[in-house]
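**Student:** Have a look at the structure that comes next, please.
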């Protein structure tokens, strides 16, 4: 992708106040564009990152044996009346059709996936069953804030599982926890806190949340820095000063919730009268679980914890491009053009700053702002070599073009 013709321009000055660092950087670097409060367009590099995030999530959902589906966002009112959530789910967008029908815009999909699963669950041999989707959700938030960290329209992966009994559900639940931990590690998060929290609108049982510590968060956590103990502060009845697991000092912090898992029990299967025949031929309600990951929120969270004063620092796993090629040779782009074509022919995605009217300083500022992990620089002093620099490091090295190709393939396993 050439910046001169293909990249929607970066915005260094907006005159706008931002309530989170990720919100500011994603807009300035040209990854998202605000439409209205809580509504954003994903521009080409932002969409590239979002697709990589969702591909990682998809891989680990498939590893659980879950089946990917695509469910409608427009939900008939009758489905929500059946679960008694039409009036109790306070962030549900409600739509009036000109044909005297009412619909809800899906904030979650229990009302759709449960009657779907009922058509395919006849006996215990059909269980367990896992169905997931990655799609758009809608929630009528009272106050959208922090950019894509809390929007009114957002991307989400939601998995729903159906089980013959509680024991089978608990085994599956543990497997999902492991899958989530692998996902977050692959996305570059070094310290994700799993906490117990209230089930909220979905269930009266407890749930678990996965949180990343950052000042932009809206979840209050208490946690131990010495072990894995962490709790959502809202479920505590007494103030803790020492860790109940290891005795070390308790810390407090703000966090972004990036995933959650719920034990739904038989609430929704009972509401829709879903039954299967157990080994004795008796009708039984399947035990359900729900597992969510906000994929667009992950995009914001990754930036929130991976940035410096100059801009974004993308983890290699989700970087919008493999390399950012910057040409600083005035009035001569032949060598840089050759490098660009060579890298593309090798299956390496490149953001190429080929602009001739922009100063060297501005090009380097833009490179740091966008945050591609590897910068390749061509200038009068590099001759027939290329300067290689990591976004996270001030050191530079010089490589030939074939060496650049090899090192990039090694870095990204291309």
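**Student:** In terms of the Cα gyration tensor, with a ≥ b ≥ c the square roots of its eigenvalues, is the stretch 254-325 rounded because a/c is under 1.5, prolate because a/b exceeds b/c, or oblate?
**Tutor:** Details: a/c = 5.67, a/b = 3.23, b/c = 1.76.
Prolate shape, in that a/c is at least 1.5 and a/b is the bigger ratio.
**Student:** Could you let me know the centre-to-centre spacing of the stretch 216-255 and the stretch 342-365, using Cα atoms, in angstrom?
**Tutor:** One Cα centre to the other: 45 Å.
**Student:** Taking Rh as the Kirkwood radius, which is the inverse of the mean 1/r over Cα pairs, what is the Rg/Rh value for the chain? Walk me through the numbers on the way to the answer.
**Tutor:** Values: Rg = 24.4 Å, Rh = 23.6 Å.
Looking at the chain, the ratio lands at 1.03.
**Student:** Could you work out which residue, out of 250, 222, 32, moves most in a Gaussian network model of the chain, that is, has the largest mean-square fluctuation with Cα springs under 10 Å?
**Tutor:** 250
**Student:** So how do 176-189, 281-294, 230-243 stack up, highest first, on mean other-Cβ count within 10 Å? Before the final figure, lay out each step's value.
**Tutor:** On the way: 176-189: 18.1, 281-294: 20.3, 230-243: 13.1.
Descending mean neighbour count gives 281-294, 176-189, 230-243.
**Student:** Can you tell me, using C-alpha contacts under 8 Å and at least 6 residues apart, the relative contact order of the stretch 255-388 as a whole percent?
**Tutor:** Computed value for the stretch 255-388: 23 percent relative contact order.
**Student:** Right, another one. I want to verify a result. In a Gaussian network model of the chain, Cα cutoff 10 Å, which of these has the top mean-square fluctuation: 168, 100, 90?
**Tutor:** 100
**Student:** Compute the separation of the alpha-carbon centres of the stretch 257-307 and the stretch 59-98 and state it in Å as a whole number.
**Tutor:** A separation of 12 Å, based on Cα centres.
**Student:** Evaluate the stretch 104-245: find the radius of gyration of its Cα atoms, find its Kirkwood radius, and give the ratio Rg to Rh.
**Tutor:** Numbers: Rg = 17.4 Å, Rh = 17.7 Å.
Radius of gyration over Kirkwood radius for the stretch 104-245 works out to 0.98.
**Student:** Where both partners of a DSSP beta bridge lie in the stretch 321-412, what percent of those bridges are antiparallel, to the nearest 5? Mind dumping the intermediate values first?
**Tutor:** On the way: 8 of 16 bridges.
Of the beta bridges lying entirely in the stretch 321-412, close to 50 percent run antiparallel.
**Student:** Oh, and also: Using Cα springs under 10 Å in a Gaussian network model of the chain, which residue among 244, 128, 45 shows the largest mean-square fluctuation?
**Tutor:** Highest fluctuation of the listed residues: 244.
**Student:** Further question on the same structure: Can you tell me the relative contact order of the stretch 321-412? Whole percent, Cα pairs under 8 Å, sequence separation 6 or more.
**Tutor:** Details: 135 pairs, mean separation 29.0, N = 92.
Once normalised by length, the contact order is 32 percent.
**Student:** Same structure, new question: Compute the FRET efficiency between residue 16 and residue 55 as 1/(1 + (r/R0)^6), taking r as their Cβ-Cβ distance and R0 = 25 Å, and round to the nearest 0.05.
**Tutor:** Numbers: r = 32 Å, r/R0 = 1.26.
Working from the Cβ atoms, E equals 0.20.
**Student:** Starting from the Kirkwood Rh over alpha-carbon pairs, what translational D in µm² s⁻¹ does the stretch 321-412 have by Stokes-Einstein at 25 °C and 0.890 mPa s? Display every interim value, and only then the final one.
**Tutor:** On the way: Rh = 13.0 Å.
This corresponds to a translational diffusion coefficient of 189 µm²/s.
**Student:** From Cα pairs below 8 angstrom and at least 6 apart in sequence, can you work out the relative contact order of the chain, rounded to a whole percent?
**Tutor:** Values: 812 pairs, mean separation 66.4, N = 414.
The value is 16 percent.
**Student:** Run the quick spin-label model on residue 220 and residue 341: label points 7 Å from Cα toward the beta carbon, then report their separation in nm to one decimal.
**Tutor:** Label-label distance for residue 220 and residue 341, simple model: 6.2 nm.
**Student:** Using a Förster distance of 35 angstrom, determine the FRET efficiency expected from the C-beta separation of residue 403 and residue 47, and round it to 0.05.
**Tutor:** Values: r = 31 Å, r/R0 = 0.89.
Efficiency, rounded to the nearest 0.05: 0.65.
**Student:** Mind giving me the nanometre distance, one decimal, between the label points for residue 88 and residue 36, set 7 Å out from Cα along Cα→Cβ?
**Tutor:** 3.0
**Student:** Would you mind computing, in nm to one decimal, how far apart the modelled labels at residue 357 and residue 120 are, each placed 7 Å from Cα along Cα→Cβ?
**Tutor:** In this crude label model, residue 357 to residue 120 measures out at 5.5 nm.
**Student:** So if we plug the beta-carbon distance of residue 174 and residue 330 into 1/(1 + (r/R0)^6) with R0 = 51 Å, what FRET efficiency do we get, rounded to 0.05?
**Tutor:** On the way: r = 60 Å, r/R0 = 1.18.
In this case the efficiency is close to 0.25.
The numbers here are math on the coordinates, done by the rules we state, and not lab data. Remember, predicted model here, so these are calculated numbers, not experimental data. No Cβ is skipped: glycine too gets one built from the backbone with ideal geometry, and neighbour counts run over all protein chains shown.
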